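The values are calculated or read from the model by the stated rules, or taken from the named source; none is laboratory data. All of these numbers come straight from a predicted model, not from anything done at the bench. Ideal geometry is used to build each Cβ from the backbone, glycine not excepted, and the neighbour counts take in all protein chains shown. Just so you know, the surface numbers come from the protein's heavy atoms only, side chains and all, with ligands and any DNA or RNA stripped out. Shrake-Rupley method; radii C 1.70, N 1.55, O 1.52, S 1.80 Å.
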Amino acid sequence: MSSISSKLVDTPAQAFVELLEQLYHERSLASHTAGRSLPLRRRELYVVCRGVIQLHTIHPDGSETLLGLVGPSMPFGLPLTTVDPYWATALTDVDLLPLAMNEVEASCDLMAGIFAHLARRLQQTEAWLALSGKRLVADRLRHLLILLAQEFGQVEPGGVRLTVRLTHHQLATIIGTTRVTVTRLLRDFRNEGWLKIHQRQLILSLQMLNLS
C-alpha cells in the first residue's frame, strides 16, 4: 500500500482530488494489479485514484454483461448497486481509496464531491444504454468507440488514443454482438481511415471527435 498523496494523479476533477488529499493524506491506498478481481464490502465505497475498473455481472448461463468502466476520481461499490452477482475487476493496475459509508454520510464536502463523479457514472450508463437503440451493429460499435475516447482518450498528434484496452470479446459484450463481428468491423473502420491500431491500442481520428 502507498500513501495517497504520492499516488493520486492529475485528472479533470482536480478539486476533488485535492479534497481527498487534504482529508486523507495519512491514509494508505489499496493497490491491485491488472486482471485481479477486487473484494467488495457491503458498507464501503471505493474511489479510483489511478487506473480503470471494469464492473460486470455473470448470468446463470455463464454469459457476462459489462456494466461500466470506472476511471480516476469516480466511485463504485456495493452500496451503489442492486445487481447480484456484482464483480469489479482491475482493467489496469489501480489504486483505490476505500471509504466507509458512515464517514461519507458524515461529510458534506465528501458527499458533494462523490455526487459530482457519480453523475459521470450515470451519464456513462445512460450513454451505453442508448447504444442498444441503434439498429446497425456498426453504428453501435462506432459510437461506443467515440464514447470511450471521450471518457478515456488521450489526445496526441495522430488522433485520440484509447488509454483502456478492451478485448474484442469485451466490446462485443457491450454492444450485444459477437467477437467475430467486432473484429470484422474494426477492420472495416481501419479501411475507412478514421481508426488506427498501434501496439494493440485503438486511435480515433481527431475529425471523428470533432477536435480538428
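Does at least one position in the stretch 128-143 carry a residue that is surrounded by 18 or more Cβ atoms within 10 Å (Cβ to Cβ), farther than 17 Å from HIS56 by Cα and β-branched (Val, Ile, Thr)? Checked the stretch 128-143: no residue is surrounded by 18 or more Cβ atoms within 10 Å (Cβ to Cβ), farther than 17 Å from HIS56 by Cα and β-branched (Val, Ile, Thr). The criterion of being open to solvent by 30 Å² or more (accessible area, probe 1.4 Å), basic (Lys, Arg) and within 14 Å of the chain's Cα centre (by Cα) holds for ARG120.
Within the stretch 122-148, residues that are touching a residue at least 24 places away in the same chain (Cβ under 8 Å) and under 20 Å from LEU195 (Cα atoms) sit with their Cβ atoms under 6 Å from residues that are in a loop (DSSP other than H, G, I, E, B) and open to solvent by 30 Å² or more (accessible area, probe 1.4 Å), at 6+ positions apart or across chains, in these pairs: VAL137/THR177; ARG140/LYS134. If the condition is being open to solvent by less than 50 Å² (accessible area, probe 1.4 Å) and outside any strand (DSSP E or B), then the stretch 47-62 contributes GLY51, VAL52.
Could you go through the stretch 160-177 and let me know if any residue there is open to solvent by 20 Å² or more (accessible area, probe 1.4 Å) and over 21 Å from the mean Cα position of the chain (by Cα).
no
Of the residues that sit in the stretch 24-46 and are within 16 Å of GLY77 (Cβ to Cβ) and part of a strand (DSSP E or B), which one is modelled with the lowest pLDDT? Within the stretch 24-46, the match that is modelled with the lowest pLDDT is ALA30.
Remark: pairs (first residue in the stretch 187-212, in contact (Cβ under 8 Å) with a residue 40 or more places away in the chain; second residue surrounded by fewer than 17 Cβ atoms within 10 Å (Cβ to Cβ) and among the small types (Gly, Ala, Ser); Cβ separation under 7 Å; 6+ apart in sequence or on different chains) = ILE203/GLY158; LEU206/SER212. When residues in the stretch 189-208 are screened for being surrounded by 13 or more Cβ atoms within 10 Å (Cβ to Cβ) and in a helix (DSSP H, G or I), 3 of them pass.
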